[in-house]
Amino acid sequence: MLGGTSRPMIGIELLKGKHSGESIAVLGSSPTIDLYRGEEDVSIAVNGSVLCDSVREADYFLCGDRKSNKRSWFEPSFKIARHRVVPTFVAPYDPAVIPDSKVRRVLVEALHAAEHYKQFVHDSLQPAPGHTIFQYAPFLREPTISPSQTHLCSGGTIAGVATQLAFLMGAREIHLYGCSFGTPPGQPHYGYDNKGEAGGIRRHHLSNMNDMISQIISQGTKVYSHGWSSLQTCATADGEQVSL
């Protein structure tokens, strides 16, 4: 099992194979999100994509920032997505995932006392029906992505986490929108006004995401990138393979 022995009582196991054979769109927030038309069977919106004009609804919302509840996109995300997938350390602040305010207060106190927030677990971490919690594991640059993984690997931005989730859901093919992993000259980094909130792509994010995609492709799931992108291991939207 990835990431140690402790784990939440209810995690991503509930979503494994849930959308077997379907096409899944991963919706990021770079300007290429404007190419999204809702043509895939399932959609997973991450972070600020919910503030982009082309994302009016989504099947799932996924975030992973420690300060997610303080970001400008957190409140709007409740109106956009039907199901939420959040890490255990965000769940205490999410009234959809943990509806009971008293339980949330207990969880917040326990989280503040936890030694390592990414490994946070608690007996009261029981998400409401329709929502899911998860724990992180580090991406190790060896065969790490597989149908048997019980944690979602960090290191490839939240888009990398969503791409893993789509794979575990059983996607036949994964379509990346707003996941440019870089900024072309003369264009903004985001497809919305992020009001100066922290963000960006580091070199290891790009290399890790390329490796994650390669591992997914090697197991039979096609991955397509729509619009300008620095990614080198997925196919372009017209089906031309960039690199493997």
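Bear in mind these aren't lab numbers, they're just calculated from the coordinates by the rules spelled out. Not measured: the values here are computed from a predicted model. Here the Cβ positions follow ideal geometry from the backbone for every residue, glycine too, while neighbour counts run over all protein chains shown.
Listed by first and then second residue, the pairs with beta-carbon distance under 7 Å, at least 6 apart or on different chains, first residue in region 64-79 and in contact (Cβ under 8 Å) with a residue 24 or more places away in the chain, second exposed (fewer than 12 other Cβ atoms within 10 Å of the Cβ) and not in a helix (DSSP H, G or I), are S72/K195. Summed over region 183-219, residues that are under 19 Å from T236 (Cβ atoms) and without any contact (Cβ under 8 Å) to a residue 40 or more places away in the chain total 5.
If you go through region 43-99 and keep only what is part of a strand (DSSP E or B) and not small (G, A, S), you end up with I44, V46, D59, Y60, F61, L62, R82, H83, R84, V85, V86, P87. Only one entry of S49, S30, S77, S23 meets the criterion of being under 27 Å from W228 (Cα atoms) and surrounded by fewer than 22 Cβ atoms within 10 Å (Cβ to Cβ), and that entry is S23. Filtering region 57-70 for residues that are in contact with a Gly (Cβ under 7 Å, 6 or more places away or on another chain) and under 20 Å from Y190 (Cα atoms) leaves an empty set. Of the candidates S77, S101, the single residue that is touching a helix residue (DSSP H, G or I) at 6+ places or on another chain (Cβ under 8 Å) and of a type in the set (S, T, N, Q) is S77. When region 203-236 is examined, which residues are found to be assigned to a helix (DSSP H, G or I) and farther than 16 Å from S30 by Cα? If the condition is that a residue be assigned to a helix (DSSP H, G or I) and farther than 16 Å from S30 by Cα, then R203, H204, S207, N208, N210, D211, M212, I213, S214, Q215, I216, I217 are the ones that fit.
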